[in-house]
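Working notes for the structure below.
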Amino acid sequence: QKYLVTAYKYLASNSLANKDEAKAKEYFNKVLEIDPNDKDVKQALEGPKATPGAKPAAPKAPARKGAASK
């Protein structure tokens with residue numbers, strides 16, 4: 001079972017890397033069938049949580065090439 005959990009987590013992360021969220025969720029749910037208390041998978045399924053009172057990060061300006069000060 002330990003190896004199945006590891007394999008399903010790998011497949012889920014690979015699916016996320018390929019932007020297939022539906023397949024990733026399917027693999028995460030298979031992990032929860034084996035280990036319903038897996039905190040990493042539960043957290044992944046919940047998604048990122050916003051910190052109360054935190055401001056969204058401002059996009060960074062692209063660096064300019066050759067703009068060194070003299």
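Each reported figure results from applying straightforward, stated rules to the coordinates on display, with no laboratory input. Only a predicted model underlies this, so the values are computations on that prediction, with no experimental measurement involved. Every residue, glycine among them, receives a Cβ derived from its backbone with ideal geometry; neighbour counts consider all protein chains shown.
Annotations
- For region 26-35, the Karplus equation 6.51 cos²θ - 1.76 cosθ + 1.60, evaluated at θ = phi - 60°, returns couplings of 4, 5, 4, 5, 5, 4, 5, 5, 7, 10 Hz by residue, with Gly and Pro reported as x.
- Each Lys or Arg adds one and each Asp or Glu subtracts one; over the other residues with Cβ under 13 Å from the Cβ of V41, this totals -1.
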